[in-house]
Structure formats: C-alpha cells, structure tokens
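First comes the structure, then the notes that go with it.
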Amino acid sequence: MTGEHLVSSALEAYVAGELDAEMSAVVESHVAVCSACATRLTGEAQLEVAFAEVADRSVAQRERVSTRRSSFAAGVAIAMAASVMLFLAPRGHADETVSPATAPSIAFERPTLVEADASTASAQLDRSGDAAMKLGRD
Amino acid sequence: MAAQALFLAPVVRAVTSEEDTARALGGDMVAWNALIAKYNRRVVVALLARGVPIERAKDVAQDSWLRLIEQQRAGNLRELKLPALAVTQAIFLSIDAARRDSRERATHDDEAEHVVDPCPGADLRMMSEERFAIADRVLSKCAPSARKVFELAYGGEGLSHADVATRVGLSTQRVRQIVCEVRKLLRVALEGGDR
Ligand SMILES: [Zn+2]
C-alpha cells in the first residue's frame, strides 16, 4: 500500500456506475487492500441504495396522489376535475431546472482517482463515518 | 472464463428492458447477459451497502444471476422484476453465506434453498422513516421535472441517463446534471440528518 487513498468522487462514481471498466478495476483493487477506503465505499453504497429507496417511495407517493386524484375526478364533473388538475400541476415543462446557477459546476467529470493528501482522506473518512446509515447486520 | 462472459460490456442493441426480460424468461442467454450487464452494478452496490467486501460482493452477485437463470430453466420463474429480484436473491445468498460461516458445521435444519419472493419484503429496506422524511423535504423543493428525472434514474428499474433523456426530452448531459444536483442535495440532507 502506498498510503494514497481514493478520492470521494471516485467512490461515488463507482457506485453510480459512471466509471469505465478500467477505472472500476482501479477502485476495486484499492478497496480490496485498503480497509479505510473499503469503509468509505460501504458508505457510498449505502447512499446509493438510499437514493434508490427514496426514488421508489417518491414514485409510489406520486402514484397514490394521482390515483386519489382520478377517483375524485370520477365522482365529480369532468370540467371541475380538469380545473383541479390545473391547480395541482401548475408548472409545465417550462420548469426544467434544478438550480440554473449551480448546474454547470456539477457536470460530471471523470474524477482523478488517487489523492496523495492523507489528511484530506481521513477527513473524508470521518465524514463518511458520520454518514453511515444503520446497517441491517446483526 | 465463464464468469467473465457474464460481465461483458453491454452491446448496443435497440432492445428495451421489457423485451429483454421477456426473452430472458424464455431462456434467451443474450437477453440474460444484457440484463446482467445492465443491473449487476445495482446488485453489487446493494451488497457493498450491507458491508460485504467487494470481491465477495462480486462473487455473490454472480451466483445470484446463476441462481435466477437456473430457476428460469427449471420453470420456476414466472416474473422477472429487475433489479429487485436479483438484489433480493443476492442479499439472501450473502445472509446464508454469513450464517454458514458463523456456525461452521451446525445441523442443516434451515438450509432450504431460498427461492426468492418476487416482491422483496420491506425488511430489506435500509432507510428509516426519519430519513425518508428528510429526503422527502429535499425532493419537494426540487422542480417537478427534476424530481421526475431523479425518479426515472433511481426508481424501479433505474434507467440510464440516456434513456431518461429520451423519456423526458432533455439532453443526456442535462439529465446528468440534474441527477448530480439532486444527488448532492440528498447527500447533504441525509448525511446531516444523522447528527
Ligand atoms: Zn485507501
């Protein structure tokens, strides 16, 4: 081991499937021998799983709302239901931005995989330790 | 090595996941390989998130696909909901393996092979209700179209950025930006939520 650690963006890109095979192999071979980075990878993976669970729930909520909406519409005059729809979904495709001011800066870039600065790495390690979700293991 | 054949880079094919799924259920190995190429990462990540080391996670993920293919060949697979089914299979396999490790040679009373329920139980979820509430607040502040992009990229089968772009009529680059931005907001909120 060289004392170098993976940058957080590399771990994030790895779990998000944004690295090519070669870069993925670099990440995998490092975490196989570095328990600190393996722990950070676990944290990233937990976040990735969390995102998927959040998205699933978001879809489910939206579906529940639209089911309620359509059964309401069925019971009431159609013209009335149509106006309800207008109020519930006021913004069309005009609103496509998350945050225009910051958007360009978050464009995906191929991350530099290795950083030499051990203090940064341990700071990141602390952060991902804080971030760790409760594991389902017992 | 047969193992590697399972993980070849996805060939660009003008075939939807639904078509691949239908073909895989009919025993088409090309379709299986396409589905594996598409979803294996999700399986590995689910295992990593549960503390399984990377090499083992990759092995277990591969075993899970082989089990699913076996089940299909034995006529036991009616439905193929991915990646959920493969993830559930993998988690059961890793739990089984951990149990085997810990009790070495205990009696084989509960060794019955897991045939996985196609609807994974809620107990496999990693998020607590508190954390869902935090995430909800973040998503409700996002533009509806951004939320939609995030849902398509991360929910259900999880579309690629390119597929999301086609679905919502934005550029792939824009979709990537939106996904990154929502991810960043959620990361900050969820990581802060533990303190
Ligand atoms: Zn390291």
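Near the amide H of A:His5, under 5 Å away, which other amide H atoms are found, from residues 5 or more places off or on another chain, if H is placed in the peptide plane?
A:Glu115
Hey, rough spin-label estimate for B:Val15 and B:Arg103, points 7 angstrom out along Cα→Cβ, what's it come to in nanometres?
With each label placed 7 Å out from Cα toward Cβ, I get 4.2 nm.
If you take each beta carbon of peptide A:30-42 and count the beta carbons of other chains within 10 angstrom, what is the mean?
Working: counts 1, 4, 3, 0, 0, 1, 0, 0, 4, 1, 0, 6, 8.
So the per-residue partner count for this stretch is 2.
Which whole number gives the average, over all residues in B:142-151, of C-beta atoms from other chains lying within 10 Å of the residue C-beta?
On the way: counts 4, 7, 8, 8, 5, 5, 4, 2, 6, 8.
Per-residue shielding by partner chains comes out at 6.
Going down the list B:Lys81/B:Lys148; B:Lys148/B:Lys184; B:Lys38/B:Lys81; B:Lys141/B:Lys184, which pairs span over 19 Å between their C-alpha atoms?
On the way: B:Lys81/B:Lys148 21 Å; B:Lys148/B:Lys184 16 Å; B:Lys38/B:Lys81 13 Å; B:Lys141/B:Lys184 13 Å.
Pairs exceeding the cut-off: B:Lys81/B:Lys148.
Scattering from the C-alpha atoms of the range B:129-193 alone, worked out with Debye: what is log10 I(q)/I(0) at q = 0.25, 0.29 1/Å?
Listed by q, the Debye log ratios stand at -1.04, -1.24.
Taken together, the values in this text are just the output of simple stated rules run on the coordinates, not laboratory data. Owing to the predicted nature of the structure, the values given are computational and were not obtained by experimental measurement. Quick reminder, even Gly has a Cβ in these numbers, built from the backbone with ideal geometry, and neighbours come from all protein chains shown.
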